[in-house]
Amino acid sequence: MEKTPLSLRTHITIFGNTNSGKSSLFNKIIGQEMAIVSEQEGTTTDPVTKAMELIGFGPVALTDTAGWGDTTQIGDKRQEKTNKLLDRTDFAVYTADITAFDRTAYEDALAEFDRRKIPHMLVFTKSDLGKPDLKEFTDAVCVSVKDDKSIEELRNKLIKKLTKTVKEEKSLLGGLLLPDATVVLVIPIDSEAPKGRLILPQVQLIRDCLDNGMRAVCVRDTELAKTLDELKKIDLVVTDSQIFKKVSEIVPERIKLTSFSMLLANAKGDIKTLSEGAKALDTLPDKARILMAEACTHNTSHEDIGRVKIPGMLRKYTGKELEFEYSVHHDFPDDLSDYDLVIHCGGCMLNAKTMQNRIEYCKKAGVPVTNYGVVLSYASGILTRSMEIFDK
Ligand SMILES: Nc1nc2c(ncn2[C@@H]2O[C@H](COP(=O)(O)OP(=O)(O)OP(=O)(O)O)[C@@H](O)[C@H]2O)c(=O)[nH]1
Ligand code: SF4
Ligand SMILES: [Mg+2]
């Protein structure tokens with residue numbers, strides 16, 4: 001994997017009214033003309049994201065948005081998309097046109113950022129066109145796309161603010177095991193495994209072991225028993241959730257066992273809520289509506305888990321008729337109240353912020369939420385065992 005995946009990048013989003021100079025600023029920061037700029041209001045219709053290295057901070061994903069206050073015919077739809085971005089945003093840059101400062105719009109945005117605990121900064125744009133008295137906004141930055149120095153100042157201030165306010169994503173194993181731990185990773189190489197590469201959670205876990213000075217031993221399920229016999233010390237076995245049951249029968253009870261998906265859920269979201277959520281399986285009504293939320297489309301093997309394996313397993317486990325509905329990518333529904341259960345995929349392509357917000361929406365709607373790995377573990381009767389590693 002050459003590049004840091006989007007899910008591990010800090011998501012910075014540029015918000016502001018239409019025509020406030022968002023796209024011009026976006027192009028300046030990334031150093032290329034990627035977003036369309038024009039004097040017409042509502043030029044940007046869909047979010048545009050660029051993955052980049054913010055030297056001095058690290059890998060980020062910068063997003064330009066359709067402006068707030070768009071009065072065109074499809075303005076509402078554009079703003080809906082912009083508002084959805086708030087769920088993913090780790091840091092917000094609010095742009096305000098210095099020649100037409102809309103205080104009410106700024107205050108509304110500020111209230112929304114604060115409500116969602118999104119750290120933010122105010123940037124006055126088009127500073128070449130005027131410099132009104134902005135004493136009360138001592139923390140704001142004034143920029144002009146015609147003045148490279150002002151963009152440099154903005155970049156420096158942004159790095160400082162990001163360093164101060166954005167939390168690093170939790171390590172997968174760092175807080176759970178000691179540095180010299182040995183971890184055995186069980187990676188089935190079957191017809192569903194992509195050719196010539198590993199999938200993101202596997203790569204991430206190997207890197208996490210190296211970051212923490214741990215030893216990672218990778219094996220297929222077929223070599224697991226022999227490997228366990230040969231190794232003197234094993235602190236944890238991590239398996240693909242699809243073969244949880246089989247692996248749990250091979251790994252002796254004295255060795256801790258969990259899955260990639262559960263480690264990911266712990267680092268990104270809230271493993272305790274997700275494991276509680278799985279218990280809803282025991283009380284689901286007949287014809288229960290279950291939302292299967294998949295964060296991306298490009299892994300066909302997941303299609304099989306989400307669309308065939310889990311539905312089949314749950315129908316068998318509950319003995320009930322269950323109705324499964326699917327949301328894909330960023331189309332997580334706003335209204336969850338009609339669902340009896342939400343089962344999310346591992347979310348390896350989502351940043352932690354998105355995952356935490358989705359869990360929060362489920363909690364607010366009073367709908368139990370779990371994920372693929374946790375539900376597979378629960379239905380296989382090994383959830384308690386696979387949660388031991390998270391007990392402190
Ligand atoms: N003089 C001057 N003009 C600017 C500056 N930044 C942007 N503009 C102009 O302001 C207008 C709007 O700029 P955009 O970058 O398209 O603004 P936007 O916020 O992306 O607009 P929407 O996508 O429509 O919401 C364009 O005509 C830009 O050339 C600046 O720093 N100085
Ligand atoms: S569907 Fe979810 S778990 Fe599967 S690859 Fe996509 S983000 Fe990762
Ligand atoms: Mg724009």
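Seen from residue 54, the other residues with C-beta closer than 15 Å to its C-beta sum to a net charge of +4, counting Lys and Arg as +1 and Asp and Glu as -1.
Close amide-amide hydrogen proximity is noted between residue 187 and 219, 220, 221, each under 5 Å apart and 5 or more residues distant or on a separate chain (H modeled in the peptide plane; Pro and chain starts excluded). Relative contact order of region 341-392, taken over Cα pairs closer than 8 Å and 6 or more residues apart, is 43 percent. Whole-Hz Karplus values for region 89-102 come out as 7, 8, 8, 10, 9, 9, 9, 10, 5, 5, 8, 8, 5, 9 Hz, taken residue by residue from phi with 6.51 cos²θ - 1.76 cosθ + 1.60 and θ = phi - 60°; glycine and proline positions read x. What shape does the chain take by its C-alpha gyration tensor, where a ≥ b ≥ c are the square roots of the eigenvalues and a/c under 1.5 counts as rounded, a/b above b/c as prolate, and the rest as oblate? Since a/c reaches 1.5 and a/b is larger than b/c, the shape of the chain is classed as prolate.
Radius of gyration (Cα atoms) of region 6-165, expressed as a multiple of 2.2 N^0.38 Å: 0.95. Compared with the direct C-alpha span, the chain from residue 80 to residue 356 gains 97.4 nm at full extension, assuming 0.36 nm per residue. Each DSSP beta bridge with both residues in the chain is either parallel or antiparallel, and the antiparallel ones are about 15%. Tell me the net charge near residue 41. Cut-off is 12 Å between Cβ atoms, residue 41 excluded, with +1 for each Lys or Arg and -1 for each Asp or Glu. It works out to a net charge of -1. Relative to the current alpha-carbon distance between residue 390 and residue 254, full extension at 0.36 nm per residue lengthens the span by 47.4 nm. Placing pseudo-labels 7 Å out from each Cα toward the beta carbon at residue 338 and residue 103 gives an inter-label distance of 4.5 nm.
By its C-alpha gyration tensor, with a ≥ b ≥ c as the square roots of the eigenvalues, how is region 134-208 shaped: rounded for a/c under 1.5, else prolate for a/b larger than b/c, else oblate? Note, shape of region 134-208 comes out prolate. Among 79-85, 276-282, sorting by the average number of other beta carbon atoms lying within 10 angstrom of each residue, highest first, gives 276-282, 79-85.
For the chain, a simple Cβ point-charge model (Lys and Arg +1, Asp and Glu -1, everything else neutral) yields a dipole of about 920 debye relative to the Cα centre. Classification of region 1-62 by its C-alpha gyration tensor yields a prolate form. The axis ratio a/c (a ≥ b ≥ c) is 1.5 or more, and a/b outweighs b/c. Stretching the chain fully between residue 112 and residue 167 yields a gain of 17.8 nm (0.36 nm per residue, less the alpha carbon separation). Where both bridge residues fall in region 6-165, DSSP classifies roughly 25% of the beta bridges as antiparallel. For residue 6 and residue 279, a Förster radius of 35 Å and the Cβ-Cβ distance give a FRET efficiency of 0.60, rounded to the nearest 0.05. Rounded to the nearest 20, the size of the Cβ-charge dipole of region 182-264 about its Cα centre is 120 debye, with Lys and Arg at +1 and Asp and Glu at -1. Distance between Cα centroids, region 322-392 to region 221-253: provide it in whole Å. Comparing the Cα centres of region 322-392 and region 221-253, I get a distance of 26 Å. With point charges of +1 on the Cβ of Lys and Arg and -1 on the Cβ of Asp and Glu, referenced to the Cα centre of the chain, which listed residue (378, 354, 297) lies farthest in the positive direction of the dipole? Working it through, the farthest residue towards the positive pole turns out to be 378. Scanning residues 5 or more positions from residue 288 or on other chains, those with amide H under 5 Å from its amide H are 323, with H placed 1.01 Å from N in the peptide plane. Computed over the chain, relative contact order equals 14 percent, with contacts defined as Cα pairs under 8 Å that lie 6+ residues apart.
Here, each number is a calculation from the coordinates, and none is a lab measurement. Since this is a predicted model, take the numbers as computed values, not measurements. Cβ: placed from backbone, ideal geometry, glycine included. Neighbour counts: every protein chain shown.
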